[in-house]
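See below for the structure under consideration.
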Amino acid sequence: MLTLKDPSLFKQQAYINGQWCDAESGEKIAVNNPATGDILGHVPKMGASEANRAIANANAAWKPWRALLAKDRAAILRRWHGLMLENCEDLAIIMTAEQGKSLTEARGEIAYGAAYIEWFAEEAKRIYGDTIPASAPGRRIMVNKEPIGVCAAITPWNFPSAMITRKAAPALAAGCTMVVKPAELTPFSALALAELARRAGVPDGVFNVITGNPVEIGGEFTANPTVRKLSFTGSTAVGRLLMQQSASSIKKLSLELGGNAPFIVFKDADLDAAVEGVLASKYRNSGQTCVCVNRIYVQDEVYDLFSSKLVEAVKKSFVVGNGFDAGVNQGPLINEAAVLKVEAQIDDALSKGARVLAGGKRHALGGTFFEPTVLADVTQAMAVAREETFGPIAPLFRFSSDEEVVAMANDTEFGLASYFFSRDIGRIWRVAEQLEYGMVGINTGILSSEVAPFGGVKQSGLGREGSKYGIEDYLVIKYWCIAGM
Ligand code: ADP
């Protein structure tokens, strides 16, 4: 069992309307530690009926919550933020246990996730409207921004805490209420957040977490007309399905879906900095983030030098193992299916002419541990060029001209993160403008921050999270036309 300073943060029940509760059927789902396969605990296997109840409670809680002064909502959010930081170590332990990432990365995610709550506590007070010069005599035109209403959120297992705070903080700041369904693989981080929300004074019904059957709960979230907005982070396939389901009730949607991030190393780049960029972006969370580098394009003139520097750095930088063990910075992959996908991409690439420069296979530790891998001579014809990898493979492609590499980088249905390294200011402007992505990291492999808008174009999704734009997704505009003055 987990050793926590505050064991009451480890909850095995769902949180609806301020109550900890079980599934109506009494059924439960077991949750494993991916590093050991051990069962960590159980959560209720809820379905449509409990989702319906949570939505009704969130709806009842909406009116009084939106009626609070923004500064009072902000104060509650600030307390929630403070409690996350105070309990950082316990939250990180819960996360490493259920998700597998190293304790250092887990602590980083708690600080990062908490930062969204702090940011949106501040933004709560700055939801400004407009006045517009009228188009007819005796009239006045005003634009107010109002909370959209009850929101539902479905979140993934790769960032079990931050993907919730990125949605819940702007929703609550705006005056909305929320029902969250975390991934069934990582529900304990979400339930710990609910406990801290309770302690912070978030009123009953304002923030709810239900666990269980994704298809049933997702079905209720999308069909129920009381839910005005759905925010989803996960695969493009499930996002597409939820979008179709939401058509029946014309819900506002925020979708943070898959990526296939290019990382371009131009011949004028600082190669050592570019290697650092790959290490930071590619292997974070063992390659299991939607902004992880997926394809590394290296200009002919520096291809060999860059590959040897990268291989050397990969070999000396990473220690694979249980995220709780000192020095480990590469945890296991989330499950066997994830390992099979990585293996299939490597097999496909090798069968079409790629070479393994580092790693390339399951780690000697067994289970779902995988060696940090570098592949050379990768081409656009290989599966690794088309599919999101979600694992620790760094595939190296060659290119010769700017036009060629921009075309290759854009040759995907995804458009989330992109990266490039160059020191030529003209090239930086041209390439940044030409990349069809929602985010561009220039001379950096890390771009996510609560102050900046995270999100994609094309089939990577809709909406933005974080920054001043992030709260707009939870607001609706109301236009007042006042006549007869
Ligand atoms: P991943 O490949 O990262 O597991 P998914 O898109 O399958 O991504 O999962 C992200 C979230 O979507 C999880 O909370 C999961 O339970 C949920 N989910 C999966 N399938 C469905 C579905 N059919 N309807 C609603 N939610 C779903």
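The mean accessible area for residues of segment 261-442, using a 1.4 Å probe and ignoring ligands and nucleic acids, is 37 Å² per residue.
Positive-end ranking of Ile132, Pro156, Ile117 along the dipole of segment 116-204, with charges on Cβ about the Cα centre, is headed by Ile132.
Over the chain, what percent of the accessible surface lies on carbon and sulfur atoms, probe 1.4 Å? Carbon and sulfur: 55 percent of the exposed surface of the chain. Working note: Cα atoms of the chain, range along each principal axis, descending, whole Å: 72, 64, 39.
Of all aspartates and glutamates in the structure, the ones whose alpha carbon falls short of 12 Å from that of Lys315, not counting any fewer than 8 places away in one chain, are Glu371. Magnitude of the charge dipole for the chain, about its Cα centre and with charges confined to Cβ atoms of Lys, Arg (+1) and Asp, Glu (-1), is about 1580 debye.
For segment 167-180, 3J(HN,Hα) computed residue by residue from phi via the Karplus equation (6.51, -1.76, 1.60; θ = phi - 60°) reads 9, 5, 5, x, 4, 5, 4, 6, x, 8, 10, 8, 10, 10 Hz, glycine and proline entered as x. Counting only protein heavy atoms and a 1.4 Å probe, segment 1-61 has 48 square angstrom of accessible area per residue. For Arg427, the accessible surface of its heavy atoms amounts to roughly 30 Å² (probe 1.4 Å, protein chains only, rounded to the nearest 10). Among the protein heavy atoms, those of Lys478 account for about 90 Å² of accessible surface (1.4 Å probe, every chain in place). Full extension of the chain between Asp424 and Gln19 yields a length gain of 140.0 nm, computed as 0.36 nm times the residue separation minus the alpha carbon distance.
Beta bridges assigned by DSSP with both partners in the chain are antiparallel in approximately 40 percent of cases. One way to sum up the overall shape of segment 261-442 is the equivalent ellipsoid from its Cα gyration tensor, whose semi-axes run 26, 17, 15 Å, largest first.
Here Lys478 is the anchor, and the aspartates and glutamates within straight C-alpha reach of less than 16 Å, apart from those fewer than 8 places off in the same chain, are Asp130, Glu146. Among the listed pairs Lys5/Lys101; Lys309/Lys352; Lys229/Lys458, give every one whose C-alpha distance is greater than 22 Å. Table pairs above 22 Å Cα-Cα are Lys309/Lys352. For the pair segment 213-276 / segment 419-445, the C-alpha centres are spaced 23 Å from each other.
The packing ranking of peptides 82-88, 105-111, 392-398, highest mean first, is 392-398, 105-111, 82-88, where packing means the average number of other beta carbon atoms within 10 angstrom of each residue.
Centre-to-centre separation between the Cα atoms of segment 183-211 and those of segment 1-70: 6 Å. Taking amide H as placed 1.01 Å from N in the peptide plane, Ala394 has its amide H under 5 Å from the amide H of Thr373, Val374, Leu375, each at least 5 places away in sequence or on another chain. Here the dipole of segment 323-434 is about 280 debye; that uses its Cα centre as origin and unit charges on the Cβ of Lys and Arg (positive) and Asp and Glu (negative).
Given a cut-off of 30 Å, name the pairs among Lys282/Lys468; Lys45/Lys125; Lys181/Lys361 whose C-alpha atoms lie farther apart than that in the structure shown.
Working: Lys282/Lys468 28 Å; Lys45/Lys125 38 Å; Lys181/Lys361 34 Å.
From the list (Lys282/Lys468; Lys45/Lys125; Lys181/Lys361), the Cα-Cα distance tops 30 Å for Lys45/Lys125; Lys181/Lys361.
The values are calculated or read from the model by the stated rules, or taken from the named source; none is laboratory data. Bear in mind that the values here come from a model prediction, so they are computed numbers and not experimental data. All Cβ positions, glycine included, derive from the backbone under ideal geometry; neighbour counts span all protein chains shown. Side chains included, ligands, DNA and RNA excluded: accessible areas come from the protein's heavy atoms. Shrake-Rupley method; radii C 1.70, N 1.55, O 1.52, S 1.80 Å.
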